[in-house]
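The next block holds one structure in the form of structure tokens; read it before the comments.
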Amino acid sequence: MIQIIYHFLVLYLTFHLIWFVIREKKFWNQLSGVIVLIMFLLRLLLIK
Amino acid sequence: MKKHQATAFLLLLLAALVCFFAGREFLTMHEEEAVYPSPHLTIKKRLSDYFPGLKNSPGDSSVYIFEGQKMGGTLLILGGTHPNEPAGFITAVLLVENLEVTQGKVIIVPRANNSGFMHSDPQEGNPQRYSLSTPGGPRWFRYGSRLTNPIHQWPDSVLYVNPAGQKLSGTESRNLNRSYPGRKHGKLTEKIAYAIMQVIDNEKADLAVDLHEAAPEYPVINAIVFHENSAELAAVTLMTLQMEGVDIRLEASPPNLRGLSHREWGDFAKTRAVLLETANTSHGRLKGRPSATLIINGKDKNYMKAAQLGLLFVPFDEDGISLKQRVSRHLASLRALVSGLHELHPDLCIQLDNLPNPIEVQKVGIGPYLTPSK
Amino acid sequence: MKKCLKFLLILISALSLFFVSESFAQSHPRFEQPLLITSAGQSADVQIGGVLAKRAGLMATLSKNATYQELADKKTLALVIGVSMKGLGAAGLDLDQEKTRVTDLIEEAQKKDIPILCLHLGGEARRGELSDQMIRAFLPYAQMVIVVKSGNKDGLFTQICTDKKISLLEVDRTSEVQEPLKSIFAPIG
């Protein structure tokens, strides 16, 4: 159960990050977002 | 599509690529090294054959059984209880690949905590694997973690009350050597412990040996830790080893330290329980850069300094304490234990043929005793 | 001729072995059986003492935690010295309680005229501040001390034994204690 909650949390934040990267206009901010996103994606796939 | 959106998709693609390659590299940790059992192997089983609750789980692991023609004693050898203690694991592999048992029975579990082999300790910078050269080329082996993979058992509670009732810190719930006698419906590590107890029970092991390593600054090294039911056996073993020039010390298993193999195997399974420790530089906190070379040659400048300051419990010089020395020590101890068991209980004879000679292993290395990769 | 020489050689070695062990037995005190083997410091080395006595064919009782009452029917007290904090913890004792236990045993032994044999079998690894406290406290009461050489690197045993005129025997390895044990004990009956 706790793993499902964890997955939902990470998934929610991942979508937020993707949405942020798409909307953001400044390149450097987009890049920063993507770097954080990589960590979240790896966590989502339980590669950590 | 606006320019910033195009950049976003490009960057997202890049992130996906990074994830793919990083993930692929990460998942190589789940690969199991090849083990080529000796032609004298009687049967290969799995832990799940003894406890079906482990079937298809990352805790399931191979159990190699060598049975002699003549009746005798039964010996269980566990390697890889802690997958970051390679001498125990490699000793078990060497036995699986060389042994011939003509009397009695020997059961070997090289990867006792299989899940622990499938990850590395974060922030330790440990190598994922190390290679040993054999006449047919190098063979690689996994260097894992002391604890069960958190992907397989998560989250850790703040406090862990183990099956024997001892209160420990939460992370210890993933330590196989704190989880005995195990729980049938417990966490993965407890299930592994339960399965091992089933092996001891079903096979009626007369002697069970857990192979370990510890840091040179830890007081219990180059030691035989014994349950009180094996006190005489441990003393006889020590004397045999001293005659062979192997310096070793005795440590009694404290009855109030619960959940460990040398305590619960003896208390619950009533087998003679012994744990062997060697000194491993790559395991210690004082080491310099962790590397595969350090695992194999055990040389470290910091440890030399620590030895000069009298902080270590074993002699340590510029030659280090190599893996072949540590494996040789485990082999010599196992041989002495088996002969001690026979001396004290003549009906429990176990005849080990083709056991790699500890002195030769120290001289020529481990490689010549490993089967070249096929 | 060759056979004759061989026989002579064997005879000479057997005789010299006999004389060596005889002279050894004469130069060291004699103890009587049965003996009580106990620990002074609760290290696991006491188990080795038990095995050595068994291998030497002695009538011995091994009791790590022996009380002075256990000396009732004994003729020798063997103390295996070496402190292990783990061992003390396992026995539910602290160092002071252990010292009191051993002191009680020694007092009882002295009352009953039971000689004390001290063994230090753990070598260099079984030295250190706490073990040294035990050595200094109890060694002076011994009639004889057998020590594994590496444990006497700094000469502590030699110094105490010389001061107190105690017979000291150094051996290279633990297993070498067995033979002297055999020769210092008078056979039963």
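Taking residue A:21 as the residue in question, decide whether it is facing another protein chain (nearest Cβ under 10 Å) and either surrounded by 14 or more Cβ atoms within 10 Å (Cβ to Cβ) or farther than 22 Å from residue B:30 by Cβ (or both). Please lay out each step first, then the result.
Values: facing another protein chain (nearest Cβ under 10 Å): yes; either surrounded by 14 or more Cβ atoms within 10 Å (Cβ to Cβ) or farther than 22 Å from residue B:30 by Cβ (or both): yes.
It is true that residue A:21 is facing another protein chain (nearest Cβ under 10 Å) and either surrounded by 14 or more Cβ atoms within 10 Å (Cβ to Cβ) or farther than 22 Å from residue B:30 by Cβ (or both).
In the stretch B:241-253, how many residues are touching a strand residue (DSSP E or B) at 6+ places or on another chain (Cβ under 9 Å) and open to solvent by 30 Å² or more (accessible area, probe 1.4 Å)? The qualifying residues number 2.
When the stretch B:128-137 is filtered for residues that are part of a loop (DSSP other than H, G, I, E, B) and surrounded by 15 or more Cβ atoms within 10 Å (Cβ to Cβ), only B:128 remains.
In the set A:10, A:36, only one residue is open to solvent by less than 60 Å² (accessible area, probe 1.4 Å) and under 12 Å from the mean Cα position of the chain (by Cα); that residue is A:10.
Within the stretch C:51-62, identify whether any single residue is among the aliphatic types (A, V, I, L, M), buried (at least 24 other Cβ atoms within 10 Å of the Cβ) and touching a His at 6+ places or on another chain (Cβ under 7 Å), and answer yes or no.
As a first pass, look at the stretch C:51-62 and keep what is among the aliphatic types (A, V, I, L, M): C:51-53, C:56, C:58-60, C:62.
Cutting the leftovers down to buried (at least 24 other Cβ atoms within 10 Å of the Cβ) gives us C:51-53.
From what is left, the residues that are touching a His at 6+ places or on another chain (Cβ under 7 Å) are none.
Looking for residues that are among the aliphatic types (A, V, I, L, M), buried (at least 24 other Cβ atoms within 10 Å of the Cβ) and touching a His at 6+ places or on another chain (Cβ under 7 Å), one finds none in the stretch C:51-62, hence no.
Within the stretch B:1-49, the residues that satisfy the criterion of being among the hydroxyl-bearing types (Ser, Thr, Tyr) and over 26 Å from residue B:130 (Cα atoms) are B:7, B:42, B:48.
Out of the stretch B:203-214, which residues are closer than 13 Å to residue B:277 by Cα and either touching an Asp or Glu at 6+ places or on another chain (Cβ under 6 Å) or open to solvent by 10 Å² or more (accessible area, probe 1.4 Å) (or both)? Those that are closer than 13 Å to residue B:277 by Cα and either touching an Asp or Glu at 6+ places or on another chain (Cβ under 6 Å) or open to solvent by 10 Å² or more (accessible area, probe 1.4 Å) (or both): B:212, B:213, B:214. On the basis of being within 14 Å of chain A (Cβ to nearest Cβ) and touching a residue at least 24 places away in the same chain (Cβ under 8 Å), does residue B:28 make the cut? Judged against the criteria, residue B:28 is a match. Just one of the numbered conditions (1) in a helix (DSSP H, G or I); (2) crowded, with 19+ Cβ neighbours inside 10 Å; (3) more than 14 Å from chain B (Cβ to nearest Cβ) is not true of residue C:117: (1). The strands (runs of 3 or more DSSP E) falling completely within the stretch B:138-224 that include 1 or more residues that are within 30 Å of residue B:298 (Cβ to Cβ) map to B:167-169, B:207-214.
Against the list (1) closer than 20 Å to residue B:293 by Cβ; (2) crowded, with 24+ Cβ neighbours inside 10 Å, the condition residue B:120 fails is (2). Counting residues in the stretch B:349-360 that are more than 14 Å from chain C (Cβ to nearest Cβ), part of a helix (DSSP H, G or I), of a type outside the set (Lys, Arg) and surrounded by 15 or more Cβ atoms within 10 Å (Cβ to Cβ) gives one or more.
For residue B:57, are the conditions met, namely being open to solvent by 10 Å² or more (accessible area, probe 1.4 Å), within 14 Å of chain A (Cβ to nearest Cβ) and not in a strand (DSSP E or B)?
Numbers: open to solvent by 10 Å² or more (accessible area, probe 1.4 Å): yes; within 14 Å of chain A (Cβ to nearest Cβ): no; not in a strand (DSSP E or B): yes.
Criteria not met by residue B:57.
Would it be correct to say that residue B:252 is within 12 Å of chain C (Cβ to nearest Cβ) and in contact with a Phe, Trp or Tyr (Cβ under 6 Å, 6 or more places away or on another chain)? In short, no.
Quick one: in the stretch C:163-183, of everything that is polar (S, T, N, Q) and out of contact with any Gly (no Cβ under 9 Å at 6 or more places or on another chain), which residue is farthest from residue C:108 (Cα to Cα)? Walk me through how you get there before you give the answer.
Step one: of the stretch C:163-183, the residues polar (S, T, N, Q) are C:167, C:174-175, C:178, C:183.
Going one step further and asking which of them are out of contact with any Gly (no Cβ under 9 Å at 6 or more places or on another chain), we end up with C:167, C:175, C:178, C:183.
Numbers: C:167: 22, C:175: 30, C:178: 27, C:183: 26 Å.
Ranking the candidates gives C:175 first.
Selection within the stretch C:155-186: residues that are in a loop (DSSP other than H, G, I, E, B) and without any contact (Cβ under 8 Å) to a residue 12 or more places away in the chain. The member of this set that is surrounded by the most Cβ atoms within 10 Å (Cβ to Cβ) is C:155.
Per-residue answers, yes or no, for (1) at pLDDT 95 or above; (2) in a strand (DSSP E or B); (3) buried (at least 17 other Cβ atoms within 10 Å of the Cβ):
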position	(1), (2), (3)
B:33	yes, no, no
B:36	yes, no, no
B:41	yes, no, yes
B:44	yes, yes, no
B:48	yes, no, yes
B:72	yes, yes, yes
B:75	yes, yes, yes
B:83	yes, no, yes
B:94	yes, no, yes
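When residues in the stretch B:271-323 are screened for being under 16 Å from the mean Cα position of the chain (by Cα), polar (S, T, N, Q) and within 20 Å of residue B:125 (Cα to Cα), 3 of them pass.
Results for (1) surrounded by 20 or more Cβ atoms within 10 Å (Cβ to Cβ); (2) over 28 Å from residue B:285 (Cβ atoms); (3) touching a Phe, Trp or Tyr at 6+ places or on another chain (Cβ under 6 Å); (4) within 9 Å of another protein chain (Cβ to nearest Cβ), shown as yes or no for each residue.
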position: B:217; (1), (2), (3), (4): no, no, no, no
position: B:231; (1), (2), (3), (4): yes, yes, no, yes
position: B:235; (1), (2), (3), (4): yes, yes, no, yes
position: B:239; (1), (2), (3), (4): yes, yes, no, yes
position: B:259; (1), (2), (3), (4): yes, no, yes, no
position: B:269; (1), (2), (3), (4): yes, yes, no, no
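Of the residues making up the stretch B:344-364, those that are out of contact with any strand residue (DSSP E or B) (no Cβ under 8 Å at 6 or more places or on another chain) and farther than 17 Å from residue B:274 by Cα number 11.
The values are calculated or read from the model by the stated rules, or taken from the named source; none is laboratory data. Everything numeric here is computed off the predicted structure, so don't read it as measured data. FYI the Cβ positions are ideal-geometry reconstructions off the backbone, even for glycines, and counts take in every protein chain you see. All accessible areas refer to the heavy atoms of the entire protein, side chains included, with ligands and DNA or RNA removed. Shrake-Rupley method; radii C 1.70, N 1.55, O 1.52, S 1.80 Å.
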